[in-house]
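Colleague: Sharing a structure, written as structure tokens. Questions coming.
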Amino acid sequence: MRAPCWSAPATSPSDSGPFRPVSFVAMVWQWLVYLHVASIFAFLGMHGASMVVVYRIRRERDRKKILDLLTLSGETARPMYVTLVLIILTGVLAGLKLESFSHWWIWLAIVLLVAIVGAMTAVAKPYFAKVKLACEVRPSGVPRVSDEELGQILGGPMAHIITAIGVVGLVAILYLMVFQPGAV
């Protein structure tokens, strides 16, 4: 039976007990796994703001509040992408250490990650731009889009589609990372 991907490599068969020596390589490995998991939590925290906003604006009709919520969501974008880079960097380093790149599951996880980022960019970014445009007010003070049209945009299926892309993709990647199907 193989050790789970998150366990540290054994230092030697004779090492046992709570005070066993930890090699430098094992310590680096443990920090690498820690940083990978921490960056995932940070990414989910940053992205959580956008998930809350996408559903909160569905109930909102005050254009100023909608724009404020979209601004909040936008402010989490840069830190979210930084954490995504950290996830990728630590994941690649861990994959190299485990020699995982010879297995199909890690390549599928990478393809899924790229597909999720692409789909989110193709779906969520235009949706938020459309909502921002619908909330704009002309210099005369008249909204560019009627309240009914704004309600249709906000009440449409896009929030659910965006959520489905992220949740289904994340669950699939989590499955691949934990169960490593086909690995010996």
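The values are calculated or read from the model by the stated rules, or taken from the named source; none is laboratory data. Computed from a predicted model, the values in this text were never measured in an experiment. No Cβ is skipped: glycine too gets one built from the backbone with ideal geometry, and neighbour counts run over all protein chains shown.
Colleague: In region 32-71, what count of residues is obtained for those that are in contact (Cβ under 8 Å) with a residue 60 or more places away in the chain and acidic (Asp, Glu)?
Modeller: Number of matching residues: 1.
Colleague: Shifting gears a bit: Working only within region 45-65, note down all residues that are modelled with pLDDT under 95 and among the hydroxyl-bearing types (Ser, Thr, Tyr).
Modeller: Across region 45-65, the qualifying residue is only 50.
Colleague: Now for a different question. Could you please give the count of residues in region 156-181 that are in contact with a helix residue (DSSP H, G or I) (Cβ under 6 Å, 6 or more places away or on another chain) and of a type in the set (Gly, Ala, Ser)?
Modeller: 3
Colleague: Of all residues in region 131-184, count the ones that are loosely packed, with under 11 Cβ neighbours inside 10 Å and among the hydroxyl-bearing types (Ser, Thr, Tyr).
Modeller: Of the residues in region 131-184, 1 are loosely packed, with under 11 Cβ neighbours inside 10 Å and among the hydroxyl-bearing types (Ser, Thr, Tyr).
Colleague: Check whether at least one residue in region 118-128 is surrounded by fewer than 15 Cβ atoms within 10 Å (Cβ to Cβ), among the charged types (D, E, K, R) and assigned to a helix (DSSP H, G or I), and report yes or no.
Modeller: Yes, because at least one residue in region 118-128 is surrounded by fewer than 15 Cβ atoms within 10 Å (Cβ to Cβ), among the charged types (D, E, K, R) and assigned to a helix (DSSP H, G or I).
Colleague: A further question follows. Mind telling me which of the residues 93, 108 ends up being at pLDDT below 95 and more than 21 Å from residue 49 (Cα to Cα)?
Modeller: Working: 108 fails: at pLDDT below 95.
Going through 93, 108 in turn, the sole match is 93.
Colleague: Within region 33-69, how many residues are in contact with a Lys or Arg (Cβ under 8 Å, 6 or more places away or on another chain) and small (Gly, Ala, Ser)? Break it down into steps so the answer makes sense when it comes.
Modeller: Going through region 33-69, the residues in contact with a Lys or Arg (Cβ under 8 Å, 6 or more places away or on another chain) turn out to be 67, 69.
From the residues that got through so far, the ones that are small (Gly, Ala, Ser) too are none.
Number satisfying all stated conditions: 0.
Colleague: Do you know which of the residues in region 62-89 that are part of a helix (DSSP H, G or I) and of a type in the set (Asp, Glu) is nearest to residue 51 (Cα to Cα)? Working first, answer last.
Modeller: Of all residues in region 62-89, those part of a helix (DSSP H, G or I) come to 63-75, 77-89.
The next check asks that each one be of a type in the set (Asp, Glu); those that pass are 68, 75.
Values: 68: 15, 75: 13 Å.
My answer is 75.
Colleague: Would you point out the residue of region 129-171, among those that are farther than 18 Å from residue 66 by Cβ, assigned to a helix (DSSP H, G or I) and small (Gly, Ala, Ser), that is farthest from the chain's Cα centre (by Cα)?
Modeller: Only one residue tops the list, namely 164.
Colleague: Among the residues of region 17-56, what is the count of those that are closer than 17 Å to residue 120 by Cβ and of a type in the set (Val, Ile, Thr)?
Modeller: The number of residues fulfilling the criteria is 4.
Colleague: Among all residue pairs at least 6 apart or on different chains, which show Cβ distances below 7 Å where the first residue, located in region 72-86, is of a type in the set (Ser, Thr, Tyr) and the second is at pLDDT 95 or above?
Modeller: As it stands, the answer is 73/53; 83/39; 83/42; 83/43, since those pairs meet every condition given.
Colleague: I'm checking my understanding of the structure. Among residues of region 7-40 that are part of a helix (DSSP H, G or I) and of a type in the set (Gly, Ala, Ser), which one is modelled with the lowest pLDDT? Spell out the reasoning first.
Modeller: Restricting attention to region 7-40, the residues satisfying the condition of being part of a helix (DSSP H, G or I) are 24-40.
After this cut, where a residue has to be of a type in the set (Gly, Ala, Ser) as well, the list is 26, 38-39.
Details: 26: 83, 38: 97, 39: 97.
Top of the filtered list is 26.
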